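Asker: Pasting a structure below so you can have a look.
Coordinate-derived values only; no laboratory data. Quick caveat, the model's predicted, so the values are computed rather than measured. Neighbour counts are summed over all protein chains in view; Cβ atoms, including those assigned to glycine, are modelled from backbone coordinates with ideal geometry.
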Amino acid sequence: MTKGNSNKIYYSVNEQRDTEIVVGYNLRNYISKELSKKKTNFFIIDKVIYKLHYSYLFDLKKNSTSDVFFIQIEGGEKAKSLELFQEIIHDLIRLKIKKSDVIIAVGGGTICDLSAFISQNLYRGIKLKMIPTTLLSQVDASIGSKNGLNFLKRKNILGNFYFPDKVYIDIEFLKTLSPDLISAGFAEIIKVFTIADPNSFMLLNKVTIDEDFLGKKKEIIDIINKSIKTKIKLLKHDPFESNSKRLLNFGHAFAHPIEEVSNFQLSHGEAVLISMVLETSISLKIKHISIEDFTLIISVIKRFYTPACKSFRCDVKSLLKSVKEIRLLRAGNLNLVTPTSIGNGVIIEDINDNIIKDVLNSYFRN
Ligand SMILES: NC(=O)c1ccc[n+]([C@@H]2O[C@H](COP(=O)([O-])OP(=O)(O)OC[C@H]3O[C@@H](n4cnc5c(N)ncnc54)[C@H](O)[C@@H]3O)[C@@H](O)[C@H]2O)c1
């Protein structure tokens with residue numbers, strides 16, 4: 001459905017679980033009208049957003065007829081901790097939150113993950129809404145209902161599925177995002193287009209992240225919409241990840257290990273960009289993809305490489321150790337997703353370790 005400066009996408013796994021996703025520009029009036037009148041709205045907000053987008057948040061509060069509380073926290077991976085989880089639960093209980101109230105996450109993927117974990121666990125479930133503010137959280141972390149906390153220095157060891165009631169994707173937030181974080185968000189867009197949407201993949205060849213980028217509101221909204229729709233299509237086969245063989249894992253075989261060995265200096269999206277290059281290179285090595293499609297995919301991914309992606313080098317042995325450890329913690333198999341052409345991919349279970357080693361060695365040697 002399209003209306004004014006926004007449009008809506010619905011994601012439902014079954015009748016009881018339905019998420020409405022609104023994508024648009026300058027949604028502040030729309031959101032404030034939607035704030036539940038008889039309930040208290042507890043905003044969990046990234047401190048950076050509170051500072052940079054204070055007038056937006058102030059307008060939400062000013063125009064709403066309900067009670068509103070703002071809780072500010074620091075974003076980034078350290079937000080996804082049991083310590084912060086406990087601290088915020090304390091704050092919410094001190095503020096007398098009731099089961100019928102609403103939690104609204106405002107921030108990037110880390111704030112969305114933490115807020116969803118809190119909403120799911122406090123009183124066995126509180127209504128959740130999200131206002132994702134990074135491109136990555138708009139196309140990925142807020143879509144599909146997963147949440148996660150880090151534990152023992154490992155990513156997403158704790159977590160579950162919890163459906164937000166509404167997700168408001170306002171591209172107005174992107175204007176304060178660094179070009180590197182815009183590129184990191186594109187990683188997840190490239191991922192879904194490469195394996196499932198050849199027409200949209202071709203749009204990426206025209207995207208340049210420069211000062212004109214945010215002026216192209218229609219194009220950005222179009223790409224975000226297409227990316228979310230394609231992700232939802234892929235999710236519908238297996239919304240609760242009961243099967244570890246998922247096309248959506250493209251770009252993720254090496255992403256968490258890369259984040260770990262970089263000591264979290266690389267963001268999740270940057271690690272996904274590098275992992276997609278490695279996985280596509282494996283596809284070429286085992287002759288699953290033509291040299292033409294390989295070259296096009298790599299050139300699109302590298303358009304979005306940040307300086308940190310370009311300079312990232314690591315010890316291949318440590319990377320493989322991390323891949324193995326994470327593999328053991330998860331399903332036991334690497335289940336590598338390899339693109340076979342633009343818009344298509346397959347999952348390979350029995351990839352030879354030497355092939356992986358060769359590709360990693362050659363990537364990190366250059
Ligand atoms: N649950 C899921 O399905 C899912 C999917 C993908 C990623 N994730 C998780 O999301 C996290 C990564 O998300 P992220 O990259 O958004 O990280 P993030 O939340 O750490 O945000 C990145 C940085 O951007 C800042 N920021 C946020 N919005 C901004 C804005 N509009 N302007 C300026 N600065 C802004 C934050 O303060 C932070 O420093 C990872 O923890 C990853 O595991 C979860």
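Asker: Treating the angle as unsigned and between 0 and 90°, give the value, to the nearest 10°, between the Cα long axis of helix 268-285 and the longest Cα principal axis of the chain.
Answerer: Compared with the principal axis, the helix lies near 30 degrees.
Asker: Any chance you could give the angle, 0 to 90 degrees and rounded to 10, that helix 353-365 forms with the longest Cα principal axis of the chain?
Answerer: 80 degrees
Asker: If I stretch the segment between Lys357 and Arg313 completely, what's the gain in nm (0.36 nm per residue apart, minus their alpha carbon distance), one decimal? Write out the running numbers ahead of the final one.
Answerer: Values: separation 44, 0.36 × 44 = 15.84 nm, distance 1.47 nm.
The span from Lys357 to Arg313 would gain 14.4 nm if fully extended.
Asker: Return the single residue from Ser55, Ser281, Ser267 with maximal mean-square fluctuation; model: Gaussian network over the chain, springs between Cα atoms under 10 Å.
Answerer: Result for the chain, Cα springs under 10 Å: Ser55 fluctuates most.
Asker: For the chain, compute Rg over Rh where Rg is the Cα radius of gyration and Rh is the Kirkwood radius from the inverse mean 1/r over Cα pairs.
Answerer: A ratio of 0.96.
Asker: Using a Gaussian network model of the chain whose springs link C-alpha atoms within less than 10 Å, name the residue from Leu284, Leu177, Leu320 with the highest mean-square fluctuation.
Answerer: Leu177
Asker: Let me ask something additional. For the stretch 22-84 and the stretch 152-174, what is the separation of their Cα centres, given in Å?
Answerer: 14 Å
Asker: Nothing charged except the Cβ atoms of Lys and Arg (+1) and of Asp and Glu (-1): what's the magnitude of the dipole of the stretch 2-177 about its Cα centre? Round to the nearest 20 debye.
Answerer: Working: 27 positive and 18 negative charges, 69 e Å.
Magnitude of the dipole: close to 340 debye.
Asker: I want to make sure I understand the PRE zone here: with the label point 7 angstrom from the Cα of Asn199 toward its beta carbon, which residues in the stretch 221-244 have backbone N atoms less than 16 Å away?
Answerer: 222-231, 233
Asker: Under the classification rounded if a/c is under 1.5, otherwise prolate if a/b is larger than b/c and oblate if not, where does the stretch 294-366 fall, given a ≥ b ≥ c as square roots of the Cα gyration tensor eigenvalues?
Answerer: oblate
Asker: In addition: For Glu172 and Lys62 in one chain, what is 0.36 nm times their gap in residues minus the Cα-Cα distance, to one decimal in nm? If you can, show how the numbers build up before the last one.
Answerer: Numbers: separation 110, 0.36 × 110 = 39.60 nm, distance 1.88 nm.
Gain in length upon complete extension: 37.7 nm.
Asker: Using θ = phi - 60° and the Karplus curve 6.51 cos²θ - 1.76 cosθ + 1.60, what whole-Hz ³J(HN,Hα) does each residue of the stretch 297-310 get, with Gly and Pro shown as x?
Answerer: Taking θ as phi minus 60°, the curve returns 4, 5, 5, 5, 4, 6, 4, 9, 4, 8, x, 5, 5, 5 Hz for the stretch 297-310.
Asker: With +1 on each Lys and Arg Cβ and -1 on each Asp and Glu Cβ, and nothing else charged, work out how big the dipole of the stretch 159-236 is about its Cα centre, in Debye to the nearest 20.
Answerer: Dipole magnitude for the stretch 159-236 comes out near 440 debye.
Asker: In addition: Which of Phe117, Phe58, Phe173 ends up with the largest GNM mean-square fluctuation for the chain, with Cα atoms connected below 10 Å?
Answerer: It is Phe58.
Asker: Using θ = phi - 60° and the Karplus relation 6.51 cos²θ - 1.76 cosθ + 1.60, list the HN-Hα couplings for the stretch 336-351 in order, rounded to whole Hz, with x at every Gly or Pro.
Answerer: My calculation for the stretch 336-351 gives 6, 9, 10, x, 10, 6, 5, x, 9, x, 10, 9, 10, 9, 10, 6 Hz in order.
Asker: Can I ask one more? Pull up all non-local amide H partners of Ala105: gap of 5 or more, or a different chain, and H-to-H distance under 5 Å with H placed in the peptide plane.
Answerer: Ile44, Lys129, Met130, Ile131
Asker: What does the helix-only formula give at 222 nm for the chain: each DSSP H stretch with n ≥ 4 adding -39500 (n - 2.57), the total divided by the residues, and the result rounded to the nearest 500 deg cm²/dmol?
Answerer: -13500 deg cm²/dmol
Asker: From a point 7 Å beyond the Cα of Ser242 in the direction of its Cβ, which residues of the stretch 103-145 have a backbone N at a distance under 19 Å?
Answerer: Answer for the stretch 103-145: 144-145.
Asker: Quick one, what does Rg over Rh come out to for the stretch 237-365 if you take C-alpha atoms and the Kirkwood Rh?
Answerer: So for the stretch 237-365, dividing Rg by the Kirkwood Rh gives 0.93.
Asker: With θ set to phi - 60°, apply the Karplus curve 6.51 cos²θ - 1.76 cosθ + 1.60 along the stretch 319-326 and write out the HN-Hα couplings as whole Hz, x wherever there is a Gly or Pro.
Answerer: 5, 5, 5, 5, 4, 5, 5, 5
Asker: What FRET efficiency do you get for Lys99 and Ile291 if R0 is 41 Å and r is their Cβ-Cβ distance, rounded to the nearest 0.05? Don't skip to the end; give the middle numbers.
Answerer: Working: r = 58 Å, r/R0 = 1.41.
E(calc), rounded to 0.05, equals 0.10.
Asker: Next question, about the same structure. Could you tell me whether the stretch 2-177 comes out rounded, prolate or oblate from its Cα gyration tensor? Rule is a ≥ b ≥ c as square roots of the eigenvalues, rounded for a/c under 1.5, then prolate if a/b exceeds b/c, otherwise oblate.
Answerer: Rounded, since a/c falls under 1.5.
Asker: Once you charge only the Cβ atoms, +1 for Lys and Arg and -1 for Asp and Glu, what is the size of the charge dipole of the chain about its Cα centre, to the nearest 20 debye? The partial results should precede the final answer.
Answerer: Details: 52 positive and 40 negative charges, 154 e Å.
Using Cβ point charges on Lys, Arg, Asp and Glu, the chain gives about 740 debye.
Asker: Would you list, by chain and number, the lysines whose Cα falls below 25 Å from the Cα of Lys38, excluding same-chain residues fewer than 8 positions away?
Answerer: Straight-line reach from Lys38, under 25 Å: Lys8, Lys61, Lys62, Lys96, Lys98, Lys99, Lys127, Lys129, Lys166.
Asker: I've got another one for you. Using only Cα atoms, tell me the angle between helix 179-196 and the longest principal axis of the chain; keep it within 0 to 90° and round to the nearest 10.
Answerer: For 179-196 against the chain, the angle is about 70 degrees.
Asker: Amide H to amide H, which residues 5 or more places from Gly345 or on other chains are under 5 Å from it, using H placed in the peptide plane?
Answerer: Thr340
Asker: So, counting K/R as plus one and D/E as minus one, what does the shell of residues with Cβ under 13 Å around Phe69 add up to?
Answerer: Net local charge, Phe69 excluded: +2.
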